[in-house]
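The structure appears below as structure tokens.
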Amino acid sequence: MRFVRRGGEERAAGRVALVEAQLLLVITVVVLQLWLLTVALEELLAGHAEGVWWLVAFSGLGFLVALLVLAARRER
Amino acid sequence: MAEAPLGEMPYHEQDFPYQRTLDKLVTRREYLHLLTLTSLGLFLGTVGVALEALRGRRRDFPAQPVASVGEVAEGTALNFNYPTADDPAILVHLPGGRFVAYGQRCTHLACAVFWEPRARVLACPCHEGFFDVQTGLVIAGPPPRPLPRIELRREGDMLFAVGVQG
């Protein structure tokens with residue numbers, strides 16, 4: 001990735017791209033978590049309890065990824 | 001930025017004036033925070049659903065006499081109501097001597113299931129749903145979940161319904 005520290009404008013544009021990339025990642029995570037929640041509800045209504053902890057684990061992993069993406073926004 | 005006077009506004013904006021200067025802009029970073037909170041909410045929601053699924057859905061009701069053992073011949077069924085008079089249920093005397101009982105409402109659209117002795121299944125005539133008579137699990141058709149199982153207790157010659165599972 002090319003990163004040239006010249007004008008403030010170019011740096012600002014780079015930051016916007018970074019935040020938009022973070023947004024895209026977290027939106028993807030949230031959509032996946034929503035899907036996991038619907039699968040968990042389906043399992044509850046079907047009376048199956050065996051596989052639900054996998055769904056919880058993946059949803060928790062998704063939240064951790066969202067947290068990491070959020071934490072990565074700070075400039076070095 | 002100042003808003004245009006009312007007279008200079010387009011006709012549709014006069015009917016529904018929208019004060020843009022009062023609008024609170026949400027930045028991308030604020031939206032990122034909001035989405036992360038949403039992610040936490042979805043995770044906690046999944047945990048709640050999982051706990052509910054693991055807790056089981058056993059409900060105790062007062063014991064109610066259903067029938068005497070000799071009243072239901074082996075391989076036949078008897079309809080009764082449990083846990084209330086508005087809840088149809090079915091008791092099946094399985095070949096081999098074991099008794100099982102289930103709520104009679106199909107979990108698809110609440111048609112009454114019946115005992116099909118030749119195929120040894122509980123069948124729903126409305127949309128051809130079939131349930132395993134041993135477990136109440138769905139074998140075929142559109143029902144989304146098993147039949148609620150009624151727990152039975154045998155005291156001497158009498159069978160009592162004592163609870164509902166599922």
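What follows draws every value from the coordinates through simple rules; no lab data is involved. None of the values given here were measured: they were computed from a predicted structure. When we count neighbours, we look across all protein chains shown, and the Cβ atoms used for this are built from the backbone with ideal geometry, even at glycine.
Going by Cα centres, the stretch A:19-44 and the stretch B:41-86 are how many Å apart?
So the separation of the two Cα centres works out to 34 Å.
Amide H neighbours of B:ALA67 under 5 Å, counting only residues 5+ apart in sequence or on other chains, H built in-plane at 1.01 Å?
Under 5 Å from the amide H of B:ALA67 lie the amide H atoms of B:LEU159, each far enough along the sequence or on another chain.
Tabulate in residue order the Karplus-calculated ³J(HN,Hα) for the stretch B:147-160, using 6.51 cos²θ - 1.76 cosθ + 1.60 with θ = phi - 60°, rounded to whole Hz; enter x for Gly and Pro.
Whole-Hz 3J(HN,Hα) from phi for the stretch B:147-160: 6, x, 8, 9, 7, 10, 10, 9, 10, x, 9, 9, 9, 10.
Eigenvalues of the Cα gyration tensor times 5, then square-rooted: what semi-axes does that give for the stretch B:15-166, in whole angstrom, largest first? Kindly include the intermediate steps, with their values, before the conclusion.
On the way: eigenvalues 487, 65, 45 Å².
They are 49, 18, 15 Å, listed largest first.
Anyone know which of B:ARG28, B:ARG145, B:ARG20 comes out most mobile in the 10 Å Cα GNM of chain B?
It is B:ARG20.
What are the residues whose amide H is under 5 Å from the amide H of B:PHE61, where those residues sit 5 or more places off or on another chain and H is modelled from the backbone?
Amide H neighbours of B:PHE61, under 5 Å, 5+ apart: B:GLY163, B:VAL164.
Average partner chain C-beta neighbours within 10 Å, per residue of A:52-60? Can you show the working numbers first?
Values: counts 8, 5, 1, 5, 8, 2, 2, 9, 6.
Across A:52-60, the average partner-chain Cβ count within 10 Å equals 5.
Please compute, for peptide B:20-32, the average count of beta-carbon atoms on other protein chains lying within 10 Å of each residue's beta-carbon.
2
When Cβ neighbours within 10 Å are restricted to other protein chains, what is their mean count per residue of peptide A:18-30?
3
Compute the Rg/Rh shape ratio of the protein assembly as shown: radius of gyration over Kirkwood radius, all on alpha-carbon atoms.
Value, to two decimals: 1.28.
With θ set to phi - 60° and the Karplus curve 6.51 cos²θ - 1.76 cosθ + 1.60, what are the ³J(HN,Hα) couplings of the stretch B:130-137 in order, to the nearest whole Hz, using x for Gly and Pro?
10, 10, 5, 6, 6, 10, x, 6
Please state, rounded to one decimal and in Å, the Kirkwood hydrodynamic radius that the stretch B:45-112 gives when every pair of distinct Cα atoms enters the mean of 1/r. Don't skip to the answer; put the middle values down first.
Values: mean 1/r = 0.0705 Å⁻¹.
Kirkwood radius, the stretch B:45-112: 14.2 Å.
Please list, in chain and number order, the residues 5+ apart from B:GLN104 or on another chain whose amide H is under 5 Å from its amide H, with Hs placed from the backbone.
Under 5 Å from the amide H of B:GLN104: B:ALA89, B:ILE90.
Rounded to whole Hz and in sequence order, give me ³J(HN,Hα) for the stretch B:10-20 from the Karplus expression 6.51 cos²θ - 1.76 cosθ + 1.60, θ = phi - 60°, writing x for Gly and Pro.
Result, rounded to whole Hz: x, 4, 5, 7, 5, 5, 10, x, 10, 7, 5.
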